[in-house]
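Quick notes on the structure that follows.
We did not get these values from a lab; they are worked out from the coordinates using the rules stated. Just so you know, these numbers come straight off a predicted model, no measurement behind them. Positions of Cβ are generated from backbone atoms using ideal geometry, with glycine treated the same way; all protein chains shown enter the neighbour counts.
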Amino acid sequence: MNHPALSVVVPVFNERDNVASLVSEITAALRGRLAFEIVYVDDHSSDDTLQQLQALKADNPELRVLHHVSQSGQSTAVRTGVKAARAPWIATLDGDGQNDPADIPRLLAERDTAPATVKLFAGWRVNRQDSGSKRWASRWANAIRARMLRDDTPDTGCGIKLFEREAFLELPYFDHMHRYLPALMQRAGWKTVSVPVNHRHRTAGVSKYNNLGRALVGIRDLRGVAWLIARSRRTAVEEV
């Protein structure tokens, strides 16, 4: 496959029991619709996630597998996958299976009817299937983020997104940047759209985040992103 129209990037860490079912769901959602590739980025898993992915390549020609030689975090894994991607548009999914690959065609349909100025279509989990404490923490974090960044996005933590590769690679890179993509895209001068998507219970493995750790990191990151927005300068350019 030389010229896929879409690259599906999936960062994973210790998700051995989720990779086979998620790859199967991605191919079921996209085969016959458009040329695509699946780019899994294994963030130096300590289980046999990498071996499971390598075995899946035999029956899934769309699948590519990248491996971090040291654990680097989800944002770095996403960026690794986007940089390696061969398509002009990227769809991302969390590797835990809670995002539904069947929603990718919905995001593509939204893109096909949107103005060219919209570079990010962000999933919006209207019926979240997480624990009560995680939902509460998310609502609290989203309220603070919206107040500080004014990004008009109800759910920046949803892993399923569709965005233009070139626009993403122009964004400032930092750890945890994947949580602030709408604000960063808007800072760059692009528009973003939130699209309601399905959300599912995790059926295997364990979450890699806890509410306290996420909150402490989030406060620092929010201040940094707010500073980036305040210091941003944009202008139209014309050749004369």
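For labels at residue 200 and residue 20 in the simple 7 Å Cα→Cβ model, what's the distance in nm?
1.5
Calculate the all-directions average of the projected area of the range 1-97's alpha-carbon convex hull, and give it in nm².
That works out to 5.5 nm², a quarter of the Cα hull's surface.
If amide hydrogens are placed 1.01 Å from N in the peptide plane, which non-local residues have theirs closer than 5 Å to the one on residue 159?
94
What aspartates and glutamates does residue 191 reach when the alpha-carbon gap must be under 19 Å and sequence neighbours fewer than 8 apart in one chain are set aside?
Counting by Cα, and skipping residues close in sequence, residue 191 has these aspartates and glutamates nearby: 110, 112, 151, 152, 155, 164, 166, 170.
Can you bin the chain into rounded, prolate or oblate? Criterion: square roots of the alpha carbon gyration tensor eigenvalues sorted a ≥ b ≥ c, rounded for a/c under 1.5, prolate for a/b above b/c, oblate for the rest.
Oblate, since a/c reaches 1.5 and b/c is not below a/b.
Magnitude of the Cβ-charge dipole of the chain, K/R +1 and D/E -1, about the Cα centre, nearest 20 debye?
Computed charge dipole of the chain: roughly 920 debye.
Assuming 0.36 nm per residue, please report the length gained on full extension of the stretch residue 239 to residue 69 beyond their Cα-Cα distance.
Full-extension gain reported as 56.8 nm.
Based on DSSP H runs of at least 4 residues, each adding -39500 (n - 2.57), what is the mean residue ellipticity at 222 nm of the chain after dividing by all its residues, to the nearest 500 deg cm²/dmol?
Theoretical 222 nm ellipticity from helices: -11500 deg cm²/dmol.
Could you order the peptides 64-71, 101-108 from most to least packed, using the average number of other C-beta atoms within 10 Å per residue?
101-108, 64-71
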